[in-house]
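> What follows is a structure written as structure tokens; I'll ask about it next.
The values are calculated or read from the model by the stated rules, or taken from the named source; none is laboratory data. Predicted, not measured: the structure shown is a model, and the values here were computed from it. Note that each Cβ is placed from the backbone with ideal geometry, even for glycine, and that neighbours are counted across all protein chains shown. Side chains included, ligands, DNA and RNA excluded: accessible areas come from the protein's heavy atoms. Shrake-Rupley method; radii C 1.70, N 1.55, O 1.52, S 1.80 Å.
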Amino acid sequence: RPLLDICKKTILAHLRRQRLPYRTDASNYDLSYRRNWIRHVLIPRFTDKNPHLYKEFAAARKKALRTYEKHTQTAEDWLKKNGEHTPPKIPIAFSLAPFKKLSNDRQMFLLQHLYEKTYGSTVGLTTAQLEEVHRLLIAAKTGKQKKFGPHFTMWIKRGNAELKPSEFSAQKSRK
């Protein structure tokens, strides 16, 4: 979303200056849609109170992206150092001892990153599944397993975690 930090007024002014045609969909003004109510009612109220809202939003977004990139690099470095394979190769196995030394937030980010890098996105991964897999890894009981999104299963084997395709996904890909 490259124009996320730019307000509608600025975009429309640019289009007029450049004499570029644009189309407005009538549904964009239907306030029964939450996104439209936010655009047409809530955001104008906020910008009346704080005219610098878009600049502050852009700065906060850039800071969040830098933090995300930093955590992503840390997760990738950790997986290279501690993982048997690195995503997208599977199975991926890693020792639970160094995993348990990470903070709870880093563990959760690492699991989400592992899923995203292996599958290509976080589509299908729920917060509940992420938390269940996290509890599985912390308990570290050999032989236990949990579904990790619609395509993977996380297994515990003698102090190690192993991410494998789930049986349903493996059967589907063989057909």
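> Using the per-residue mean of other Cβ atoms lying within 10 Å as a proxy for protection, in what order, highest first, do the peptides 76-86, 47-57, 142-152, 16-26 fall?
142-152, 76-86, 47-57, 16-26
> Summing +1 for each Lys or Arg and -1 for each Asp or Glu, what net charge is found among the other residues whose Cβ lies under 13 Å from the Cβ of Leu136?
For residues surrounding Leu136, the net value is +4.
> Using a 1.4 Å probe over the heavy atoms of the protein chains, calculate the carbon and sulfur portion of the accessible area of segment 35-175 as a whole percent.
Carbon with sulfur: 54 percent of the solvent-accessible area.
> I've got another one for you. For a quick check: with amide H placed at 1.01 Å from N, whose amide H comes under 5 Å from Ile92's, ignoring anything fewer than 5 positions away on the same chain?
Result for Ile92 returns Leu163.
> Explain nothing, just compute: Karplus ³J(HN,Hα) = 6.51 cos²θ - 1.76 cosθ + 1.60, θ = phi - 60°, for every residue of segment 15-24 in order, whole Hz, x for Gly and Pro.
Karplus-based 3J(HN,Hα) across segment 15-24 equals 4, 5, 4, 8, 6, 9, x, 8, 10, 10 Hz.
> Which one, Ser121, Gln107, Ile92, is farthest towards the positive end of the dipole of segment 52-175 when Lys and Arg carry +1 and Asp and Glu -1 on their Cβ?
Sorting the options by dipole projection puts first Ile92.
> With a probe of 1.4 Å, find how much accessible area the chain has per residue, and write the answer as a whole number in Å².
71 Å²
> Taking the Cα centre as origin and putting +1 on Lys and Arg beta-carbons and -1 on Asp and Glu beta-carbons, what dipole magnitude results for the chain, to the nearest 20 debye?
280 debye
> Another question, then. Return the calculated 222 nm mean residue ellipticity for the chain, to the nearest 500 deg cm²/dmol, obtained by summing -39500 (n - 2.57) across DSSP H runs with n ≥ 4 and dividing by the residue count.
-16500 deg cm²/dmol
> May I pose another question? Jot down the per residue volume, in cubic angstrom and as a whole number, of the convex hull over the alpha-carbon atoms of the chain.
Each residue corresponds to 197 Å³ of Cα convex hull volume.
> Let me ask something else. Shape verdict for segment 67-128, please, from the Cα gyration tensor: rounded (a/c under 1.5), prolate (a/b greater than b/c) or oblate.
It is rounded, given that a/c, with a ≥ b ≥ c, falls under 1.5.
> Where does the charge balance sit around Thr153 when Lys and Arg score +1, Asp and Glu -1, over other residues with C-beta under 10 Å from its C-beta?
+1
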